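Trainee: Following this message is one structure expressed as structure tokens.
The values are calculated or read from the model by the stated rules, or taken from the named source; none is laboratory data. Remember, it's a predicted structure, so these values are computed and weren't measured experimentally. Because the Cβ atoms are built from the backbone with ideal geometry, glycine has one as well, and the counts that use them run over all protein chains shown. When the accessible area is computed, the model is the full protein with side chains, heavy atoms only, and any ligands, DNA or RNA have been set aside. Shrake-Rupley method; radii C 1.70, N 1.55, O 1.52, S 1.80 Å.
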Amino acid sequence: GAVVSQHPSWVICKSGTSVKIECRSLDFQATTMFWYRQFPKQSLMLMATSNEGSKATYEQGVEKDKFLINHASLTLSTLTVTSAHPEDSSFYICSAPRTGGGSDGYTFGSGTRLTVV
Amino acid sequence: SQQGEEDPQALSIQEGENATMNCSYKTSINNLQWYRQNSGRGLVHLILIRSNEREKHSGRLRVTLDTSKKSSSLLITASRAADTASYFCAPLTGFQKLVFGTGTRLLVSP
């Protein structure tokens, strides 16, 4: 149980275009979703926290106008990379607590490999 | 939020050997979780140990927790090539955002 489905698994886009990444909780309600970015051979960097029905909270240094996060329902959170540039190429991963409070661990999406050309 | 610091950064062993990796943290916790990340994939939750537990087992995994030393260890017994991955610990105090250290990169050679 507690599965997060992330799509697409990989995407290639042209500079200047926007890309939307979706994370859906399949068998539980995800009131909170965390979004991470990971560069090759590096650890996961937390970008933002989204809460259903409210504005996302961004980590320091993350441009909220560039990385638009929407969490309109208890089962869907989206990250849109706007006006993408090659430096946005990265691996993006979402995560949600399995149960309220995360006391039973967190479940992760399978990740999205974004390549901006 | 606090992140754990995994040690060693890299570990290379042969199949059948045991692999031990360690995690240190700075402030008191409610629980500590271990995750695995295969290359190019999301993280998989392996095991959770609560602050009042000292040891926990799950299959070939054994986790210990020493709250006095603020450290934890993950032992993988009889390792397999499929165990090749990066391993991360996450020390937690209540509900909080997960932040990660650099992890331990484990390479298990056939």
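Trainee: Aspartates and glutamates within cross-link reach of A:K41: Cα-Cα under 18 Å, excluding same-chain residues under 8 positions apart?
Mentor: By straight Cα distance, A:K41 reaches A:E87, A:D88, B:E5, B:E6, B:D7, B:D83.
Trainee: Which lysines does B:K69 reach when only Cα atoms under 21 Å apart count, and residues fewer than 8 places away in its own chain are ignored?
Mentor: Answer for B:K69, where 21 Å is the Cα cut-off: B:K26, B:K56, listed by chain and number.
Trainee: Moving to a separate point now. Show me the ranking of peptides A:74-80, A:90-96 by mean Cβ neighbours inside 10 Å, starting with the highest. Numbers along the way, then the final one.
Mentor: Details: A:74-80: 19.4, A:90-96: 24.3.
Answer by packing, highest mean first, reads A:90-96, A:74-80.
Trainee: Among A:T115, A:I21, A:S43, flag the residue with its Cα farthest along the positive direction of the charge dipole of chain A, charges on Cβ as +1 for Lys/Arg and -1 for Asp/Glu.
Mentor: A:T115
Trainee: Could you provide, to the nearest whole Å², the per residue accessible area of segment B:39-104 with probe 1.4 Å? Don't jump to the answer; show the numbers that get you there.
Mentor: Details: 2910 Å² over 66 residues.
Ligands and nucleic acids excluded, the result is 44 Å² per residue.
Trainee: How well do other chains shield peptide B:32-43, expressed as the mean number of their Cβ atoms within 10 Å of each residue Cβ?
Mentor: Counting Cβ atoms of other protein chains within 10 Å of each residue's Cβ and averaging gives 5.
Trainee: I would also like to ask the following. Please enumerate, by chain and number, the lysines with C-alpha under 23 Å from the C-alpha of A:K55, excluding those fewer than 8 residues away in the same chain.
Mentor: A:K20, A:K64, A:K66, B:K97
Trainee: Can you compute the charge dipole magnitude of chain B about its Cα centre, using +1 on each Lys and Arg Cβ and -1 on each Asp and Glu Cβ, nothing else charged? Give it in debye, rounded to the nearest 20.
Mentor: About 280 debye.
Trainee: With the full set of protein chains in place, find how many percent of the accessible area of the protein assembly as shown is carbon and sulfur; take the probe as 1.4 Å.
Mentor: 49
Trainee: Next question. Accessible area per residue, 1.4 Å probe, Å², for chain A: what's the number?
Mentor: 47
Trainee: Chains A and B: what accessible area do they bury, summed, in square angstrom to the nearest 100, with a 1.4 Å probe?
Mentor: 1700
Trainee: Can I ask one more? Considering chain A, which cysteines have no disulfide-compatible partner, defined as another cysteine with its Cβ under 4.7 Å away?
Mentor: Within chain A, the cysteines lacking a partner Cβ under 4.7 Å are A:C13.
Trainee: Can you pull out the chymotrypsin sites (Phe, Trp or Tyr not before Pro) in segment B:1-100 whose DSSP state is coil and whose Cβ has at most 14 other Cβ atoms within 10 Å?
Mentor: Here the chymotrypsin sites (Phe, Trp or Tyr not before Pro) that fit, given the DSSP loop and packing criteria, are B:F95.
Trainee: Taking 41 Å as R0, compute the FRET efficiency from the Cβ-Cβ separation of A:S103 and A:S15 and round it to 0.05.
Mentor: Result of the calculation: an efficiency of 0.45.
Trainee: Next question. Determine the dipole magnitude for segment A:1-113: charges of +1 sit on the beta-carbon of Lys and Arg, -1 on that of Asp and Glu, nothing else is charged, the reference point is the Cα centre, and the result goes in debye to the nearest 20.
Mentor: That gives segment A:1-113 a dipole magnitude of about 200 debye.
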